[in-house]
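Following: one structure in structure tokens, then a few remarks.
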Amino acid sequence: MEIVILAGGLGTRLRSSIGEAIPKCMAPIGGKPFLWYLLTYLKRFPISKVVLSVGHLRDVIIEWIDKNRDEFPFSFDFSIEKEPMGTGGGIKLALDKCKGANVIVLNGDTFFDIDLNSLLESHKLYPSTVSLALKPMNNFDRYGRVLVNIVEHRIHEFCEKQPCKTGFINGGVYCINRINIQWPEESKFSFEKDVLERTVSNGMIFGFEFNDYFIDIGIPEDFEKANVDLKTLFNENAKSSS
């Protein structure tokens, strides 16, 4: 299993909480960067390689990985954006560092505690170019709603952000068939807008429900919540595995 982590975001909304000297994925939680929690979570799965897609303040990330890589059982590589390429451009560039047909992509500012083995197995069962981990939510307006056939798992629409009583959101975890996916010709583009939304009508994008813990640290309120939740969650996991 190969993983890409998108860690090149500017994190402008979080600067009031973490300052301007560290990238968003390195936001401190319980004395450790958020990235540590993502990588510790990944230790549960048979992962051979993690590719970090980096750009803004990348030296901070690279230096931390170099100091701490022995803590993790997989190899590391870096896909470097010399200028911002958007989520789509960043993913496309990072996938060139991978060898397998199917690669799992994670957002570097969200934690969705799903079973990656299950997502990969489901992805392979369907004629899917991209499979999304979907999170059911109630009373939300910060995320766009994903409309999916829950029997066939085929996604048929991505809706704009608006107040919503109940529905599925994109959990920021993807399984991508890098052989079959069609990319825009531009080097800079949005994965959400220019790939998912533009190609959903082809019927090759699937979604699978995971009702597991989810947090997005992109705004100060949720960053503060993560400071409480993740320390508790990872302490519990450490106890149960010992």
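The combined condition, being at pLDDT below 90 and within 26 Å of PRO84 (Cβ to Cβ), is not fulfilled by LYS193. Of all the criteria given as (1) assigned to a strand (DSSP E or B); (2) open to solvent by less than 20 Å² (accessible area, probe 1.4 Å); (3) out of contact with any Phe, Trp or Tyr (no Cβ under 6 Å at 6 or more places or on another chain), the one not satisfied by THR166 is (2). The single residue among ILE155, ILE91, ILE176 that is at pLDDT 95 or above, over 13 Å from the mean Cα position of the chain (by Cα) and open to solvent by less than 10 Å² (accessible area, probe 1.4 Å) turns out to be ILE155. Filtered by the rule that a residue be open to solvent by 10 Å² or more (accessible area, probe 1.4 Å), in a helix (DSSP H, G or I) and either modelled with pLDDT of 95 or more or not charged (D, E, K, R) (or both), segment 203-231 gives PRO220, PHE223, ASN227, VAL228.
Please enumerate the residues belonging to segment 75-103 that are under 24 Å from PRO33 (Cα atoms), in contact (Cβ under 8 Å) with a residue 60 or more places away in the chain and small (Gly, Ala, Ser). Of everything in segment 75-103, those that are under 24 Å from PRO33 (Cα atoms), in contact (Cβ under 8 Å) with a residue 60 or more places away in the chain and small (Gly, Ala, Ser) turn out to be SER79, GLY86, GLY90, ALA94. Cβ separations smaller than 8 Å between residues 6+ apart or across chains give the following pairs from segment 211-231 residues that are free of Cβ contacts under 8 Å to residues at least 40 places away in the same chain to residues that are surrounded by fewer than 19 Cβ atoms within 10 Å (Cβ to Cβ): ASP229/TYR213. If only residues of segment 31-74 that are surrounded by 15 or more Cβ atoms within 10 Å (Cβ to Cβ) and among the small types (Gly, Ala, Ser) are counted, the one that is farthest from GLY100 (Cα to Cα) is GLY55.
Yes or no: LEU106 under 14 Å from the mean Cα position of the chain (by Cα), in contact (Cβ under 8 Å) with a residue 24 or more places away in the chain and either open to solvent by 20 Å² or more (accessible area, probe 1.4 Å) or under 25 Å from LEU38 (Cβ atoms) (or both)? Judged against the criteria, LEU106 is a match.
Tell me, which residue of segment 185-202 that is open to solvent by less than 20 Å² (accessible area, probe 1.4 Å) and either among the basic types (Lys, Arg) or in contact with a helix residue (DSSP H, G or I) (Cβ under 6 Å, 6 or more places away or on another chain) (or both) is farthest from THR129 (Cα to Cα)? The selected residue is PHE189.
The values are calculated or read from the model by the stated rules, or taken from the named source; none is laboratory data. Owing to the predicted nature of the structure, the values given are computational and were not obtained by experimental measurement. So basically every Cβ, Gly included, is an ideal-geometry build from the backbone, and we count neighbours across all protein chains shown. What goes into the accessible areas is simple: the full protein's heavy atoms, side chains included, and nothing from ligands, DNA or RNA. Shrake-Rupley method; radii C 1.70, N 1.55, O 1.52, S 1.80 Å.
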